1. Taking 0.36 nm per residue of separation and subtracting the Cα-Cα distance, what length does fully extending Ser230 through Glu188 add?
2. Along Cα→Cβ, 7 Å out, is where each label goes; now give me the distance between the ones at Glu297 and Ser161 in nm to one decimal.
3. How long are the semi-axes of the equivalent ellipsoid of the range 17-189, taking √(5λ) for every eigenvalue λ of the Cα gyration tensor, in whole Å from largest down?
4. Carbon-plus-sulfur fraction of the accessible area of the chain, 1.4 Å probe, in percent?
5. Is the shape of the range 217-264 best called rounded, prolate or oblate, per the rule: a/c under 1.5 gives rounded, else a/b larger than b/c gives prolate, else oblate, with a ≥ b ≥ c the square roots of the Cα gyration tensor eigenvalues?
6. Give me the percent of DSSP beta bridges within the chain that run antiparallel, rounded to the nearest 5.
7. So, how do all the Cα-to-Cα distances of the range 94-249 break down into 10 Å bins, in percent, from 0 on up?
8. What list of ³J(HN,Hα) couplings, whole Hz, do you get for the range 314-326 from phi and the Karplus terms 6.51, -1.76, 1.60, once you set θ to phi - 60° and write x for glycine and proline?
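The values are calculated or read from the model by the stated rules, or taken from the named source; none is laboratory data. Everything numeric here is computed off the predicted structure, so don't read it as measured data. Because the Cβ atoms are built from the backbone with ideal geometry, glycine has one as well, and the counts that use them run over all protein chains shown. The protein model used for the area step is the full one, side chains on, heavy atoms only, and it has no ligands, DNA or RNA in it. Shrake-Rupley method; radii C 1.70, N 1.55, O 1.52, S 1.80 Å.
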Amino acid sequence: MTNISNLKTLLEGINFNQIGVSFKGSGSYVPDQILTNQKISQKVNTSNEWIKSRTGISERRISSLGDDVTEMGYKAALTAIEMANWDIKTIDLIVLATSTPHDLFGSAPSIQAKLGAANAVAFDLTAACSGFLFALITTSQFLKGGSFKRAIVIGADQLSSFVDWNDRRSCILFGDGAGALAIEATNECDNLIGFDMRTDGERGSFLNLPSKNNKDSIIDNINFSSGAFSPIQMNGQEVYKFAVREVPIILEKLFKKMNYTSDEVDWLVLHQANQRILDSVGDRLKIPGEKILSNLEKYGNTSAATIPLVIDEAIRNNRIKQNDIIATSGFGAGLSWGAALIKWG
Ligand code: UT7
């Protein structure tokens, strides 16, 4: 009797309809305007040689008026939906990772409207350059929990609006763009194999896009702080040290937790911040250069967009194939960082 009641309790704890996620499509978009290293050298005291050797970047894309996060995110989402071959009305959830929304109240609902995704709920999520990874993981929880079936996760940023174009230590790094993935709930597999997320606000001052805190008066002695932002402030060396230390640690821990080795990884997809960071993390994890996806030579650091942008490029170039194992990590302001192990498809 005791054994039967134990078994009953055990069975009640198991969810036989365990839902996983699968990846159905990818898309991306970058603005037309190209800002080369040579051009930046006409603006600040730098050179193509310096930028190329210290970062790997040759050029970046800059949004012009109208090509904002809503527009870029919409175009990236649309191409992901086309690849997934989904009827837009079947999309339940749209999550936009961005630090630079066109509207501070959120740009995701505008993307929803542009798409005509009338049955979806849409919201923004901000975690700087870790934003896409955090959004992917958040979305997957909704799908795995059974609340929604089809979702679009977008990473889009327009940091050119917030860069100090007179600060050669930071302006050389950033560019604008968007990427998106189409993700579906399924009970046949779980292709988000595992993940981890971290933040450390104690080190947040290394990279900020802070409010100006300009004091103004409404009337008499009632003051308010007007809503404007200072340009990006960055301690490049500290961010660099943080990335090359924490990214291998979080990925190694994830491999161990999910019982994977770095040999089993087909692609290492890191936030595209600096080629030296990509190489250093690859060395630490013993993942060879040919398995490390990189497109920062063309686009620089597009913040929340880098990961889906480089994934989409690799899918369309037939590099990432069905069932390939992708180890990915995002890192940046917050400080925030995270990792995920994914099977494509
Ligand atoms: O999403 C995360 C975003 N942020 C990052 O990923 C930033 C990570 N950090 C980096 O990528 C690198 O720290 C940078 C690329 C930003 C800088 O490279 P570095 O090798 O760390 O350079 P540094 O800051 O140590 O500067 C070395 C020298 C300095 O001159 P002195 O003091 O040695 O005479 C700088 O003033 O290079 C100078 N410098 C430049 N020279 C030419 C700094 N920026 C430039 C520049 N052109 N653009």
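1. In short, 10.3 nm is gained.
2. For the pair Glu297/Ser161, the computed spacing is 3.1 nm.
3. Numbers: eigenvalues 228, 50, 36 Å².
Gyration-tensor ellipsoid for the range 17-189: 34, 16, 13 Å.
4. 49 percent
5. prolate
6. Values: 45 of 61 bridges.
Antiparallel: roughly 75 percent of the beta bridges in the chain.
7. 9, 30, 32, 21, 7, 1, 0
8. 5, 5, 5, 8, 6, 8, 6, 10, 3, 6, 5, 9, 10
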